[in-house]
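As structure tokens, the structure follows; a few thoughts come after it.
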Amino acid sequence: MKVIVIGSKGFIGQHLCKYFQERGAEVWGADVVVDYVNTERYFLIDSSNSDFGSVFKQQEYDLCVNCSGAASVPASLKNPIRDYYLNTVNVFKLLEAIRNEQRNCRFINLSSAAVYGNPVSLPVSEAAVPDPLSPYGIHKLQSEQICREFYEFHKIPTCSLRIFSVYGPGQQKQLFWDLLQKANSGQAFSLFGTGMESRDFIFVTDLFRVIELVYEHSDFNADVINVANGEEIFIKDAVSVFFSLFNKEISYTFSGDSRKGDPVNWKADISKLRSFGYQPSVDITSGLETYYNYYKK
């Protein structure tokens, strides 16, 4: 099996490359970061004018996983055009390169549960009407539509994964990274919301198993698949579990203020994913312990 990971220097991309390598796959990476060591199977992408033609001209692949793009709601509100280019335009460029060079390469696009916004009911299934609350969510939805365009008009095999809240070692953004920084400050602090907001967390190694299962079982007919553990976890409980790992008392409160673009409650219907054979292997307690110990070292 030959795999190309776009965004191979990012949090998910780095780990995904290693995951496939450990399973005997031939893995190539592509990113905007200069790599002076692993140059044999690595493509440097020009961040100012991304062109993926050379990536697909020089080597044939069974699978392309797009782990690139921006992943910040606040950043998308502050700089929407940057978010648009990274999450939407680059997906089009990738699929156009595949269309021109190797039309049989399967394409997995990492989308986001942000396309749902605030679901009308929980758990939210893939059939729910998208209603994004931020430029980030809108751009991720547009990337899914681009995948559908290339499948319907050019027969390029595509699939989009609506990832809910992924976390794990190496992540330097989102909730638990923010909690880590605040806890290490040694001062009392305030968190957004009431604590009754909820997310459906998935540990990063479970995400890689999902990608493997999707490659094996998806029809790649521009389908969309929820990626989560199917468990609603309240933020106050996740924070409590995480801070119980610290050998000190941490003083914090919830401000009650909401943050623009953030949904309130999430829980995924993962029936489609379970039909592929997926079973979560890392619960929130053991996952956060692994995350904490990684940064402690």
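The values are calculated or read from the model by the stated rules, or taken from the named source; none is laboratory data. Predicted model, so just to flag it, every value in this text is computed and none were measured. When we count neighbours, we look across all protein chains shown, and the Cβ atoms used for this are built from the backbone with ideal geometry, even at glycine.
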Within region 1-45, take every residue that is under 17 Å from F107 (Cα atoms) and of a type in the set (V, I, T) and give me the one that is farthest from the chain's Cα centre (by Cα).
V27
I'd like to verify a number: residues in region 64-116 that are within 21 Å of R199 (Cβ to Cβ) and of a type in the set (S, T, N, Q), how many?
5
Top-ranked residue of region 249-282 - restricted to ones that are touching a residue at least 40 places away in the same chain (Cβ under 8 Å), charged (D, E, K, R) and assigned to a loop (DSSP other than H, G, I, E, B), ranked as farthest from V124 (Cα to Cα)
D257
Test A70 against the stated conditions and say whether it is crowded, with 18+ Cβ neighbours inside 10 Å and either of a type in the set (K, R) or under 23 Å from K9 (Cα atoms) (or both).
yes
Screening K78, K57 for residues that are surrounded by fewer than 14 Cβ atoms within 10 Å (Cβ to Cβ), under 20 Å from G137 (Cβ atoms) and without any contact (Cβ under 8 Å) to a residue 60 or more places away in the chain leaves only K78
For region 31-43, check the following and say yes or no: at least one residue is loosely packed, with under 13 Cβ neighbours inside 10 Å, aliphatic (A, V, I, L, M) and at pLDDT below 90.
yes
Would you mention how many residues in region 4-54 are in contact with a Cys (Cβ under 7 Å, 6 or more places away or on another chain), of a type outside the set (S, T, Y) and assigned to a loop (DSSP other than H, G, I, E, B)?
2
Given the conditions (1) at pLDDT 95 or above; (2) surrounded by fewer than 18 Cβ atoms within 10 Å (Cβ to Cβ); (3) not in a helix (DSSP H, G or I), and given that V120 satisfies all but one, which numbered condition is not satisfied?
(1)
Within region 260-273, how many residues are farther than 15 Å from D223 by Cβ and surrounded by fewer than 13 Cβ atoms within 10 Å (Cβ to Cβ)?
1
Return a yes/no flag: does region 213-227 have any residue that is crowded, with 17+ Cβ neighbours inside 10 Å, within 19 Å of S112 (Cβ to Cβ) and acidic (D, E).
yes
Only residues that are in contact with a Lys or Arg (Cβ under 9 Å, 6 or more places away or on another chain) and either basic (K, R) or on the phi > 0 side of the Ramachandran plot (or both): list them for region 245-297, please.
K267
Region 274-297, residues that are surrounded by 12 or more Cβ atoms within 10 Å (Cβ to Cβ) and of a type in the set (G, A, S)
S281, G287
Would you point out which residue out of F201, F234 is under 16 Å from W266 (Cα atoms), among the aromatic types (F, W, Y), surrounded by 17 or more Cβ atoms within 10 Å (Cβ to Cβ) and modelled with pLDDT of 95 or more?
F201
The lone exception for R148 - which of (1) surrounded by 18 or more Cβ atoms within 10 Å (Cβ to Cβ); (2) touching a Ser or Thr at 6+ places or on another chain (Cβ under 9 Å); (3) at pLDDT 95 or above; (4) farther than 21 Å from D31 by Cα it fails
(1)
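Could you list, in sequence order, the residues of region 61-78 that are part of a loop (DSSP other than H, G, I, E, B) and either aromatic (F, W, Y) or at pLDDT below 95 (or both)?
Y61, S68, G69, A70, A71, S72
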